[in-house]
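K.L.:
This structure is in structure tokens; I'll ask about it shortly.
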Amino acid sequence: MRQLILPAALLALAAPCLAAETPSLQLDSLFQDHMILPRDGAVVSGSARPREAVTVTGFGGTWKTKADAAGRFSVTLPKLAAGRTGTLAVSSGAARVTLADVVSGDVFLCSGQSNMQMAVNRALNADTVIGTSANPELRMATVPVDPQPAPRERLGQPLAWQAASPQTVGNWSATCYFFGKELQRKLKLPIGLVHASLGGSNLTAWLSPAASLPDYARQQELLKLYAADPAKASIAFGKEVEHWWQASGGPGRPWAATAADLASWKPAPDVAKNWENWGVPELSSYDGSIWYAATVSLYEFYESRAPMIKIIEGGTRFGTWKDHVGHWMPETRPSTLFLRYEDLVANIPLAIERLSDFLDLPVKSQKIPSREQIASSDGRWVRSSGAARLELKGAELDRFMEINGETMTKFGYV
């Protein structure tokens, strides 16, 4: 993976000019080399150019369809004999995608929470299980954990099909693997497993808005709000908890406790243990919610009370300026392009060209929003040209140069 590291202001200026070309033909995420293709009613689907003809070829047959106005297409294959191996090719116009080592069989979805997510390498007798796992007719595709608040057409991270072997099975879902292994042993045909689970996830998180039950309508509203504005959604959820707590007759008010209130609270013996094991009679068989309180000290830096000399000497979580810059340098982060803000401002076209070459992306437009336009929509990372600036002088400047002078010289600032 190539990483682009540059000040946020530069990225905000450059991003509108660079755009990755979407392939004219894409199969949906599960269609990869080495996949198990359902032997009965397999649906080959993906996206092509709108209204363009699509041809699917493989296993001795050819099937044709046409993409709809949105570019989506799907082809339902006839029933296939189990255990057939071959290639599956999809073409549209001049574009063509070919999948190798595709095997016909039965495919099952394994989903759930942490019990499904637990890997084989944590199972009983894992060494023996993994060492004897080789089976080319048992394959799994693990969907990367990447929760999103709204449905999307494609997975955000790449997915790969793997055949069972001592090199692969260790990281597979244990429950899914043992299920598939026993099924394959009994049915004597290729078994494909698609593992998609997330520990602690609620059922509502797996339902699309269209499939959601009436009782979950409010959760869907919160999820929709979270997709648009996470901060507002968190506030709304907090109010939901308050309402639930008070409606249930809970004492006090959630999220709020005075010093006098806390004086009557009992110390938590050991939060690393389940409260049933604290030795507190009231909690020995209690199942429900418990409120904790803790006193924390916020970084002075965030409260704008840290002396400048402390910031210069690395007394905040960010360390010194040279340490912070050093973490982002190509020497310590391979495949990184380093650009100075001053260089971008001095010659934007040249900087954009460097970005284009580094990312291997064509420049789609030379139209660049002004700094004021960006600041008006994102004042957190990009300040307006008239924003206040901090200038170091005297002892503070001397101390800054004493610590960071070598790095400043390296980058041509002095």
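K.L.:
Please give the contour-minus-distance gain from Ser114 to Lys266: 0.36 nm per residue of separation, less the Cα-Cα distance, rounded to one decimal in nm.
P.N.:
Extra length available between Ser114 and Lys266 comes to 51.6 nm.
K.L.:
Okay, next question. When DSSP beta bridges are limited to those with both residues in the chain, what percentage is antiparallel, rounded to the nearest 5?
P.N.:
Working: 31 of 49 bridges.
Restricted to the chain, the bridges split so that about 65 percent are antiparallel.
K.L.:
When the Karplus curve 6.51 cos²θ - 1.76 cosθ + 1.60 is applied with θ = phi - 60°, which whole-Hz ³J(HN,Hα) does each residue of the range 29-37 get, with x for Gly and Pro?
P.N.:
Karplus values, whole Hz, x for Gly and Pro: 4, 6, 7, 9, 3, 6, 6, 8, 9.
K.L.:
While we're on this one: Treating only the Cβ atoms of Lys and Arg (+1) and Asp and Glu (-1) as charged, compute the dipole magnitude of the range 31-197 about its Cα centre; round to the nearest 20 debye.
P.N.:
Dipole of the range 31-197, to the nearest 20 debye: 400 debye.
K.L.:
Taking amide hydrogens as modeled 1.01 Å from N in the peptide plane, which residues meet the under 5 Å criterion relative to Leu337, leaving out close sequence neighbours?
P.N.:
Excluding prolines and chain starts, which carry no amide H, the hits are Ile5.
K.L.:
For the range 307-313, take each phi angle, set θ = phi - 60°, evaluate the Karplus expression 6.51 cos²θ - 1.76 cosθ + 1.60, and give the result in whole Hz per residue in order, putting x for glycine and proline.
P.N.:
Once rounded to whole Hz, the list reads x, 4, 5, 5, 5, 4, 7.
K.L.:
I would also like to ask the following. Contact order normalised by length for the chain, with contacts defined as Cα pairs under 8 Å and 6 or more residues apart; what percent is it? Walk me through the numbers on the way to the answer.
P.N.:
Details: 576 pairs, mean separation 75.3, N = 414.
Answer for the chain is 18 percent.
K.L.:
Now for a different question. May I ask which residue of Ala228, Gly58, Gly46 lies farthest towards the positive end of the charge dipole of the chain, with charges of +1 (Lys, Arg) and -1 (Asp, Glu) on Cβ and the Cα centre as origin?
P.N.:
Projecting each Cα onto the dipole axis, the largest value belongs to Gly58.
K.L.:
Right, something else. How large is ³J(HN,Hα), in whole Hz, for each residue of the range 38-52 in order, when computed from phi with the Karplus curve 6.51 cos²θ - 1.76 cosθ + 1.60 and θ = phi - 60°, using x for Gly and Pro?
P.N.:
x, 6, 10, x, 4, 10, 8, 9, x, 9, 9, 5, x, 6, 8
K.L.:
Gly105's amide H: which non-local residues (gap 5+, or another chain) put their own amide H closer than 5 Å, with H modeled 1.01 Å from N in plane and none for Pro or chain starts?
P.N.:
Leu37, Arg39, Gly83
K.L.:
Right, another one. Hull surface divided by four, with the convex hull built on the Cα atoms of the range 31-197: how many nm²? Could you put the intermediate results ahead of the total?
P.N.:
On the way: hull surface 41.8 nm².
In nm², the orientation-averaged hull projection of the range 31-197 is 10.5.
K.L.:
Between the DSSP loop rule and a limit of at most 16 other Cβ atoms within 10 Å, which trypsin sites (Lys or Arg not before Pro) in the range 216-262 are left?
P.N.:
Working: sites: Arg218, Lys224, Lys232, Lys239; in loops: none.
Passing sites in the range 216-262 do not exist.
K.L.:
Just one of (i) 24.5; (ii) 22.7; (iii) 27.7 is Kirkwood radius over Cα pairs in Å calculated from these coordinates, so which is it?
P.N.:
(iii)
K.L.:
Additional query: Taking amide hydrogens as modeled 1.01 Å from N in the peptide plane, which residues meet the under 5 Å criterion relative to Thr142, leaving out close sequence neighbours?
P.N.:
The list, which skips near neighbours in sequence, is Ala160, His195.
K.L.:
Please give, to one decimal in nm, the separation of the simple spin-label points placed at Gln220 and Ser201, each 7 Å out from Cα toward the Cβ.
P.N.:
1.8
K.L.:
Next question, about the same structure. Rounded to the nearest 0.05, what FRET efficiency is calculated for Trp275 and Leu337 with R0 set to 56 Å and r the Cβ-Cβ distance? Show your work: numbers first, answer last.
P.N.:
Values: r = 51 Å, r/R0 = 0.91.
For Trp275 and Leu337, the calculated efficiency is 0.65.
K.L.:
Multiply the residue separation of Ala236 and Ser212 by 0.36 nm, subtract the distance between their alpha-carbon atoms, and state the gained length in nm to one decimal. The partial results should precede the final answer.
P.N.:
On the way: separation 24, 0.36 × 24 = 8.64 nm, distance 1.99 nm.
Full extension from Ala236 to Ser212 adds 6.6 nm.
K.L.:
When the helix-only estimate is applied to the chain (DSSP H runs of n ≥ 4, each -39,500 (n - 2.57), divided by the residue count), what is the mean residue ellipticity at 222 nm, nearest 500 deg cm²/dmol? All intermediate terms of the calculation are to be shown ahead of the outcome.
P.N.:
Numbers: 13 runs with 119 residues, N = 414.
That calculation yields -8000 deg cm²/dmol at 222 nm.
Every number in this text was worked out from the coordinates using simple rules, so none of it is lab data. Just so you know, these numbers come straight off a predicted model, no measurement behind them. Cβ sites come from the backbone with ideal geometry, for glycine too, and all protein chains shown count toward neighbours.
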